[in-house]
Amino acid sequence: MRVFVLICVVMAPVLAAAEPAPLMASRQPMFALGAAPTTQSTRASLFSGVGVGLMAPPPATLSADGKKVAKQIRDLIAAAEAGPAGYDAVQHGARVKPGKPPTAMTLAQIDRWTRDTPGQPHAIGRYQFIPKTLRWLTARLNLPPETRFTAAVQDRLADLLLEDAGLEAVLRGEMSQRRFMRNLARTWAGFPLPNGQSYYEGFAGNMATMSWQRFKGQIGQILS
């Protein structure tokens, strides 16, 4: 099994099967790759197999309801983390950007970029995965190094984090909405805690990029 880069996502110790925290050591506002003409600058925080790579991603384990809710939460994550740059977002603090848009890169190419440019942040993609998390997630899904970092791949990786955060449990009424929101905030630094600050406030420049009221209101609507 090969493991590769990780993304700007932070795995919280409270989450099931979580790896050692913190994983979100370098999240800051980001910008899309300048080399991608269709992307825009952004501020923050699988692979279908159709013309994009060698294999399809493993089947999602979310329920039908979970998949619908996950899509809406992913949109909220993107608003907090990547903004309009979307799937091709690269953290603006990376002085040396990849040579092409993230969605056109393989996991091996992202890993090589990460290893060749030490000492800078490497959060990448719509959900701003940092290297450690990306390596961990791709290993869990047994994704080969030739896998393209497509929108579908990024969505599947994000869904895995949502599963870990307790999405199915909160839908079944086995976890409170507040606890689920805290788990999300421990995974994505752009989300706030009730005090309005990021769980990683001040750590490597991290900060919440939306208010607690907006976060609470949006999650409440999504889960209703």
> Taking the stretch 115-124 as the search range and keeping residues that are touching a Lys or Arg at 6+ places or on another chain (Cβ under 9 Å) and crowded, with 21+ Cβ neighbours inside 10 Å, which one is modelled with the lowest pLDDT?
Replying inline: Pro121
> Restricting the search to the stretch 185-209, which residues are among the aliphatic types (A, V, I, L, M), farther than 14 Å from Ile77 by Cβ and outside any loop (DSSP other than H, G, I, E, B)?
Replying inline: Ala204
> What number goes with the only condition from (1) under 30 Å from Arg178 (Cα atoms); (2) not in a loop (DSSP other than H, G, I, E, B) that Arg126 does not pass?
Replying inline: (2)
>> Just the residues that are surrounded by fewer than 24 Cβ atoms within 10 Å (Cβ to Cβ) and either closer than 21 Å to Asn142 by Cβ or under 13 Å from the mean Cα position of the chain (by Cα) (or both), please, taken from the stretch 78-102.
In response: Ala79, Gly83, Gly86, Tyr87
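Could you check the stretch 132-148 and list, in sequence order, the residues that are assigned to a loop (DSSP other than H, G, I, E, B) and either modelled with pLDDT under 95 or under 12 Å from the mean Cα position of the chain (by Cα) (or both)?
Of everything in the stretch 132-148, those that are assigned to a loop (DSSP other than H, G, I, E, B) and either modelled with pLDDT under 95 or under 12 Å from the mean Cα position of the chain (by Cα) (or both) turn out to be Leu141, Asn142.
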>> Please go through the stretch 189-224 and give me each residue that is among the small types (Gly, Ala, Ser), in contact with a Phe, Trp or Tyr (Cβ under 9 Å, 6 or more places away or on another chain) and surrounded by 15 or more Cβ atoms within 10 Å (Cβ to Cβ), ordered by number.
In response: Ala189, Ser198, Ala208
> Given the residues Ala158, Ala189, Ala204, which is the only one that is touching a helix residue (DSSP H, G or I) at 6+ places or on another chain (Cβ under 7 Å) and among the small types (Gly, Ala, Ser)?
Replying inline: Ala158
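Per-residue answers, yes or no, for (1) β-branched (Val, Ile, Thr); (2) at pLDDT 95 or above; (3) assigned to a loop (DSSP other than H, G, I, E, B):
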site: Ala85; (1), (2), (3): no, no, no
site: Gly99; (1), (2), (3): no, no, yes
site: Thr103; (1), (2), (3): yes, yes, no
site: Arg112; (1), (2), (3): no, yes, no
>> Being at pLDDT below 95 and not in a loop (DSSP other than H, G, I, E, B) is the requirement here; does Pro57 meet it?
In response: no
>> For the stretch 161-176, check the following and say yes or no: at least one residue is over 13 Å from the mean Cα position of the chain (by Cα), modelled with pLDDT of 95 or more, of a type in the set (Gly, Ala, Ser) and not in a loop (DSSP other than H, G, I, E, B).
In response: yes
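The values are calculated or read from the model by the stated rules, or taken from the named source; none is laboratory data. Note that this is a predicted model, so its numbers are computed, not measured. Cβ coordinates were reconstructed from backbone atoms using ideal geometry, including for glycine residues, and neighbour counts include every protein chain displayed.
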